[in-house]
Structures are given as C-alpha cells and as structure tokens.
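A quick write-up on the structure given underneath.
The values are calculated or read from the model by the stated rules, or taken from the named source; none is laboratory data. Just so we're clear, the structure is a prediction, and the values are computed from it rather than from any experiment. All Cβ positions, glycine included, derive from the backbone under ideal geometry; neighbour counts span all protein chains shown.
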Amino acid sequence: MMCRMTAAASRIARTALRPAAAIVAALVATGAVTGCSWRAETPPIERRTPTPEVAMRDAAAVREQAVLDAAGSGLLKESTARTAAAHLEALGGVYVATPSPSPEWSATASEPVPQHALEDAVKAAIEGALDAASTAAASDPSLTALLRSIALSHAVALDAPAAAGEAPAARPMPGTSTDSLVPAEGTAVPAATLAALAVDHDRAAFALEVGAARAEEDERLAALELAALHRARAADLIALDGVDDARAELYAVSPDSVASPASRAALALAIEIDLAERYARLLGDATADDADWILNASYDAYVRAASLPGFAATDVPALPGLELAD
C-alpha cells in the first residue's frame with residue numbers, strides 16, 4: 001500500500017543519522033503518515049453489542065421475515081403477508097451486520113411453499129412474540145406492547161378463515177396462559193374501564209336484540225344467541241369487586257342499522273370489530289397478569305367477527321391497539 005507523506009515526513013526521512021525506530025516514532029507523533037492502515041489515532045470499529053431488548057426486537061424481526069418468506073402461497077397469504085410486512089417495518093427490519101446490495105433473504109418465496117410451512121412460521125411468530133413480551137414487560141413497555149399486538153394479529157389471521165359461518169362462541173387465544181376472557185380479582189385494569197366495557201357489551205346486546213325483533217328464523221336465532229353472549233360478558237365484568245354497574249335499560253339504536261338483513265349484518269360485524277379494538281388498546285399498559293385475558297377478549301371478538309357475513313381480512317389491523325405515526 002502506498003502512503004502519502006507530508007513535507008515534515010520527507011525531511012525526517014532524509015535525516016539519515018537518525019535510527020529507523022526514531023523516524024517511525026516521529027512520524028506517528030507528528031501525524032505525518034496519512035492513509036495507512038496502522039494509524040494509531042484511529043480507534044478500531046467496535047462490534048455491535050445489542051441490549052437484551054434489542055436482541056428480542058432483532059429476533060422478532062427474523063420471525064416476521066420467516067413468515068413473509070413463507071407467504072408465497074396458500075389461503076393465508078393475503079393476511080399474513082400484509083401483517084408480517086407491517087410488523088417487520090415496525091420492528092425496524094432484519095438487522096444485517098454487513099449490509100449488501102443483494103441481501104440473501106427476499107420478501108417473497110421464489111417457489112410455492114407448503115401450507116403447513118406458513119402455519120408453522122406463524123405459530124412460531126406468535127409463540128416467540130408472547131415469550132419475548134413476558135421477558136420485556138419489566139424493562140421495555142413499548143416493545144412489550146408491540147410484541148403483544150404482533151401475536152394477536154397473527155393469531156387472528158391464522159384462525160379467522162376457519163371461523164367463517166360458525167356459531168358465536170367464546171374463543172380464548174391459543175398460546176395464552178388462561179382461558180378466561182375477564183380479569184381475575186385484583187386486576188390492575190381500572191374499575192372505571194371495566195365498567196365501561198360492561199356497558200359496551202350491554203349496549204351491543206341491546207342493539208342485537210332490536211335487530212332480532214325485525215329478523216326471521218335463523219337470522220333471528222343467531223342474533224339472539226350473540227346478544228346473550230354479550231349480556232353474559234357484561235354481567236361477568238360487573239360481578240368484579242369495585243366495578244360499578246352503569247348499564248342502562250335502553251340505548252339508542254339507529255333505525256337504518258336494523259332496517260334490512262344487510263344492515264343488521266353490518267351492525268353485528270361493527271360491534272365485534274369495535275369491541276376487539278377496545279380490548280386491544282388495553283394491551284399497551286397491561287401488566288403481565290392482565291395481558292392474557294385482554295388478549296383473549298380481543299382475539300375472541302376479532303374471530304367472532306370473522307364468523308359473520310361481510311368480514312374481510314383487512315378488518316383486522318396489522319397492529320391491533322397501536323397507532324403508529326405515518
């Protein structure tokens with residue numbers, strides 16, 4: 001390698017009486033040598049040492065890239081590709097130690113991928129996100145909220161297709177530690193929040209009952225069954241210590257929303273989507289003890305929405321409960 005020398009360096013090099021070691025020392029001391037790989041004043045580049053939280057974020061990004069890569073074919077392609085891409089962006093992408101113009105991974109699979117491979121990738125993403133969220137809960141609330149939202153959206157995308165046309169039922173989210181859709185006594189969720197949720201469920205039941213009065217046969221029975229489920233959920237929330245009963249006898253229902261089978265179906269779908277998002281918004285501040293029942297409650301409402309006519313995969317946001325700036 002050729003190294004440029006300053007005028008001072010040339011004068012030093014011409015001083016033949018000086019020992020070679022002295023010349024080198026003088027060059028280093030004066031900064032005369034430039035562009036050489038052994039420059040003493042340039043510190044070595046330190047290797048990236050991620051914090052535990054950064055490592056968890058990196059691992060989550062790798063899982064989302066695996067889902068995206070596996071979404072090359074299959075029934076889940078549309079919803080999983082959309083959500084995984086949004087998750088990857090929110091996580092900051094896959095960390096690459098030495099960026100290259102041609103990264104080894106790609107956004108889509110080059111050949112058809114077996115359906116089970118996609119399902120396995122999604123399940124791994126759900127399990128990994130829930131485990132990481134439990135670990136990060138004490139140190140990084142924002143990362144915890146993101147991981148919980150990722151797990152929720154993937155679980156809904158995975159299970160929603162099978163729910164189409166099914167009767168209403170309570171569905172806890174797979175991977176959570178409890179089957180309950182309401183909190184245990186001593187929950188950290190404020191009593192006022194729980195009372196408001198009870199009213200939401202009660203209002204939903206009332207609207208469905210009004211719609212059922214105008215429906216016939218199977219539509220009527222399905223609406224009453226769904227209304228009973230919401231009545232029961234409201235009662236469970238009110239039964240908790242310290243939760244005031246703010247339910248009303250009557251609620252306003254727009255006549256147009258129950259005027260036809262199509263409008264009644266749209267009303268039922270909107271009710272479930274709204275409740276799902278209300279629960280999802282609680283995940284950001286949820287304690288580890290509360291996270292699972294909140295995930296269950298939101299998942300339950302989203303998947304029940306998927307069982308109703310008119311549901312589309314885009315009805316479920318890629319990051320439920322989170323509002324990210326554009």
Taking the stretch 216-237 only, how many residues are buried (at least 19 other Cβ atoms within 10 Å of the Cβ) and over 17 Å from residue 305 (Cα atoms)? 2
Selected residue (only one of 172, 255, 183 is modelled with pLDDT of 95 or more, outside the structural domain of residue 299 (by TED's automatic domain parsing) and out of contact with any strand residue (DSSP E or B) (no Cβ under 9 Å at 6 or more places or on another chain)): 183
Just to be sure before I move on: is residue 270 in a helix (DSSP H, G or I), of a type in the set (Gly, Ala, Ser) and more than 30 Å from residue 67 (Cβ to Cβ) in the structure I sent? no
Residue tally, condition in a helix (DSSP H, G or I) and within 22 Å of the chain's Cα centre (by Cα), over the stretch 159-208: 5
Tell me which residues, restricted to the stretch 297-321, are part of a helix (DSSP H, G or I) and buried (at least 23 other Cβ atoms within 10 Å of the Cβ). 297, 298, 299, 300, 301, 302, 303, 304, 305, 306
When residue 201 is run through (1) of a type outside the set (Gly, Ala, Ser); (2) in contact with a His (Cβ under 9 Å, 6 or more places away or on another chain); (3) without any contact (Cβ under 8 Å) to a residue 60 or more places away in the chain, the failure sits at (3)
Does the stretch 93-109 contain at least one residue that is closer than 30 Å to residue 54 by Cβ, modelled with pLDDT under 95 and assigned to a helix (DSSP H, G or I)? no
Residues in the stretch 156-169: is at least one modelled with pLDDT of 95 or more, closer than 29 Å to residue 310 by Cβ, of a type in the set (A, V, I, L, M) and surrounded by 15 or more Cβ atoms within 10 Å (Cβ to Cβ)? no
Say whether the condition of being of a type in the set (Gly, Ala, Ser), in contact with a Pro (Cβ under 7 Å, 6 or more places away or on another chain) and closer than 19 Å to residue 203 by Cβ is met by at least one residue in the stretch 293-314. yes
Scan the stretch 210-225 for residues that are within 16 Å of residue 253 (Cα to Cα), more than 36 Å from the chain's Cα centre (by Cα) and in a helix (DSSP H, G or I) and jot them down. 213
